[in-house]
1. Add +1 for every Lys or Arg and -1 for every Asp or Glu among the other residues with Cβ under 15 Å from the Cβ of residue B:186, and state the total.
2. Would you mind listing the distances between the residue C:58 label point and the same position in each other copy? Use 7 Å along Cα-to-C-beta, nm, one decimal, shortest first.
3. Go ahead and collect, in residue order, the members of the stretch C:76-103 whose backbone nitrogen is under 15 Å from a label point 7 Å along the Cα-Cβ direction of residue C:15.
4. Measure off 7 Å from each Cα along the Cα-to-Cβ vector at residue D:55 and residue C:215, then give the distance between these two points in nanometres to one decimal.
5. Compute for chains A and B the buried accessible surface, both sides summed, probe 1.4 Å, and express it in Å² to the nearest 100.
6. Once all Cα-Cα distances of the stretch C:17-110 are split into 10 Å bins that start at 0, what whole-number percent is in each one?
Protein chains: 4
Amino acid sequence: MNRPDPELGPAPTPVRRRIYAVVFGHDTRAGLAFDLCLMVAIVASVLIAMLDSVEGLHARYGHAFYAVEWGFTVLFTVEYLLRLWIVARPLRYARSFYGVIDLLAILPTYLSLLVAGSQYLLVIRILRILRVFRLFKLVRFLYEARQLSDALRRSARKIFVFVFAMLTIVTVFGALMYLIEGPEHGFDNIPLSMYWAIVTVATVGFGDIAPATALGRMLASVLILIGYGMIAVPTGIYTAELASGLRRGARQRACPRCRLRGHEADAVFCRQCGAGLAFETPPEPQSR
Amino acid sequence: MNRPDPELGPAPTPVRRRIYAVVFGHDTRAGLAFDLCLMVAIVASVLIAMLDSVEGLHARYGHAFYAVEWGFTVLFTVEYLLRLWIVARPLRYARSFYGVIDLLAILPTYLSLLVAGSQYLLVIRILRILRVFRLFKLVRFLYEARQLSDALRRSARKIFVFVFAMLTIVTVFGALMYLIEGPEHGFDNIPLSMYWAIVTVATVGFGDIAPATALGRMLASVLILIGYGMIAVPTGIYTAELASGLRRGARQRACPRCRLRGHEADAVFCRQCGAGLAFETPPEPQSR
Amino acid sequence: MNRPDPELGPAPTPVRRRIYAVVFGHDTRAGLAFDLCLMVAIVASVLIAMLDSVEGLHARYGHAFYAVEWGFTVLFTVEYLLRLWIVARPLRYARSFYGVIDLLAILPTYLSLLVAGSQYLLVIRILRILRVFRLFKLVRFLYEARQLSDALRRSARKIFVFVFAMLTIVTVFGALMYLIEGPEHGFDNIPLSMYWAIVTVATVGFGDIAPATALGRMLASVLILIGYGMIAVPTGIYTAELASGLRRGARQRACPRCRLRGHEADAVFCRQCGAGLAFETPPEPQSR
Amino acid sequence: MNRPDPELGPAPTPVRRRIYAVVFGHDTRAGLAFDLCLMVAIVASVLIAMLDSVEGLHARYGHAFYAVEWGFTVLFTVEYLLRLWIVARPLRYARSFYGVIDLLAILPTYLSLLVAGSQYLLVIRILRILRVFRLFKLVRFLYEARQLSDALRRSARKIFVFVFAMLTIVTVFGALMYLIEGPEHGFDNIPLSMYWAIVTVATVGFGDIAPATALGRMLASVLILIGYGMIAVPTGIYTAELASGLRRGARQRACPRCRLRGHEADAVFCRQCGAGLAFETPPEPQSR
């Protein structure tokens, strides 16, 4: 890395540049080793938080877990402060996505000194694992993730309409079931009935609350059929957008004159300016 | 709004025109403020109905909820009468979709004077929220909603066939399970067995009723596999129609020389023979 | 109907022809009335069988239900014999789909004289309702049904592979869960464990049997994720075939020389013999 | 089979060649009979293992089952040794997919002498049934299976991203639910909460553990809606890839004169300009 990284500031000392390359970079051997150690530490720390919540293990190894947990927290705190110190604009890093996650990953342990139980929140550290995508320079994986999220973004507006319709249905059915079944069959109040309606319409069906009257069961059947039919809607939206995205990806040739893109696979002339298109190798990079 | 609105009648007085613009319109500052207040009032009133159904809150704030509820009801009644009075043809408004909803939204409170409990029905007010789509002039959202409902309408006939097949299956399996399991395992009668069959075939599975004999479980497994396979059907129908709708939006013009179809929305020249395309009205913009 | 129906035989008497038109036809006023009465009788008889299974109603109206039930059965028996008598080849009708259904619809009542409880089987009469499709000459509905079943037939082979894979998974997981959880947690034997595996993999989840050990829960999680992912497979297969069927429906122009069908929407020359294709109105009948 | 099979070695004796044809081949009458016997033996042996796990049957027929089980195991052991002996490179066979399965299918019975209960593991024999695909030379079925697994392979990377996202969500929600609900409502520890989160997000919903606090239920509703929406993702990915695979099969040739692509598999002339198409190897037959 010869050119100064904009994140590093205009004239970094060689030491700062070196630390930066280790902590933030993925290109040098030291940077890669740092990233790998970080990943291992994150996974280990999350696993320990999980195991610590199991009563039998907590009783036997509670003290060891506690010590290791503080060890990891101190380590991550040092790392966080290092990151803050090394970048040119600490505030900007602190407010970035990874900056916030890095802070949230160490806070719970300190909070646990004040509030009992909050140390379990540190499983939020698992979110730091998202760095793994950057670490391995998984360009291809990121490409896949981008395709998926592109389709999600294009279908977001349709899905919003769908969620809106669903919430309306859940509210109306929740209120009706509260009226019909009532507290004596477990539908204690409307918010609880709405929770039941969500559980039912999404075809989860815990069964902790279930209708017991004939009318309630008829209404539940209607709600179930709506939910069963509505499974179609987000799937249909998303699939149609994803398929349209895959097709669009294939047609990327640019016109040599007007630079228009998006020609069909069989196009010979530019549809915009009429210039002949060079018939290069058919694209077909498609989704892999 | 200079031209008289057909809903307002041929020669409205300026006062009527003004009130109409506030109550029905979304263009003036006053009309927008009115709509926003209405939305807030609707949501607040629904929330209060929900909270009132929670026993603890009802015991403590029941009287306040009751008062606020009546306040909202009087407000909505005044608004309903205002709407009835201002339009040229009150009966037509009263029978329109929003007219019926507006009436249903105030009836339950008055009914609660006669029938205890019916006041909870007023969560039907949530349906009034549908006006929000018109309020923000969410042309794009409405366009999305139209695409979704278009696909739904085109697939309605196929889905009817599907529902018919499903009901036949549910009836036959319900009767068989009643015969096999019988009242001793909770399958008290055929309608209840059919309810169980619906819960099962839609993969909800509350578990309040479950087969207990070997034969009953085998039959349940068959029903489950049918349901698991049939999830495909509405999804497949809907997706195929939605995708076909997205595609149809794009290709509507034919080349005058070579008759090639399937040109992109922005095409000026035929991509096959280079002839100029008549640039007619652009087809519907695709879903983004 | 001037030309003799092949089902009716070569030289029917006018009486036979008339009875045939009433019982089998849907074109004459009398035939339509007969069909409608039949539908009402079928639905009424199924509803009575359902209501008779409800204990309270059985105690009160049991005798009336019994009488009505026998009335319907005698009616349907007469109708069945009439059909047998009127057609030229009774055996062929008796072995046809509707012939078998018609017989099955009357058998249970007679069987109930020998075996108690078997009268509930007559809800199988609901299958006779399938005639309704023919009754209303719902050409369009039948077209939709044909599209759906065409796609189902084309995807049958792929779905067979899928079901085969699923059964293998269910067998292996069922055996493993029996080993891990054992009878003390409700997994009494391998067939029961396989039933649980089907209930779980299809995301039904009754909860009458649920794993209680840590290892069992881990295995259940894996099975759930497989099932969640496999929901994709039949849907994907069916959707792809249905969409391909909808597309194929649009290209139906025949070559005037070699009668080849299946030309693309933009074809100008027959791809088989090179003859020019008349550019008729674009098909696009599509799914509506 | 005149030419020596590479698996059989360069110069096999006639006896070895004959045995090889029976055990590995499917072309001779003897080979086919051997394969059929094998299939029946496998299914019979798996069925017996299942039935043996049913308490009532075990008590009555336990000894007979035990004897038959050992009979099958000896048979399969002989077959396995025969296969090892007949092939030119035994180690290569032993490490192949079918070699491993064949070994796993006999090990459990021998293990049951040492460890009680392990004999039930032999339902793994069901995997040997996969040979059935080869037996009937079900080229078409295999073609279908290949299409399905091709689409699966192409979508594997996207599905990995999806599973990664899902596991992160499950971890975070599992920890939060443990904090909110705690052991008093059945959420004993974080791993158990994560199991609940998987059961919930996949819309299975056993109901053995269910949230009981208002906050827990709100969080569960959010998780359910995420799961309900995420059902879309693997389905969408898989469907899009499968459809793209079906399409790709059809258009592989370009017209030598006008460069039009997308010709049907049976096209002889370009549908656009009428030029003769070079009839190269026909592309893969579409999915039927």
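The values are calculated or read from the model by the stated rules, or taken from the named source; none is laboratory data. In this text, all values refer to a predicted model and were calculated from it rather than measured experimentally. Reconstructed Cβ throughout: ideal geometry from the backbone, glycine too, with neighbour counts over all protein chains shown. These accessible areas exclude ligands, DNA and RNA; they are computed on the full protein's heavy atoms, side chains included. Shrake-Rupley method; radii C 1.70, N 1.55, O 1.52, S 1.80 Å.
1. Values: positive: A:217, B:217; negative: B:181, B:184, B:188, B:208, C:55, C:208.
Every neighbour counted, the sum reads -4.
2. Nearest first, the other copies' label points are 3.7, 3.7, 5.2 nm away.
3. Within reach of a label on residue C:15: C:82, C:85-87.
4. 2.2 nm
5. Numbers: alone 18280 and 18260 Å², together 31640 Å².
Heavy-atom accessible area buried at this interface is about 4900 Å².
6. 15, 41, 29, 12, 2
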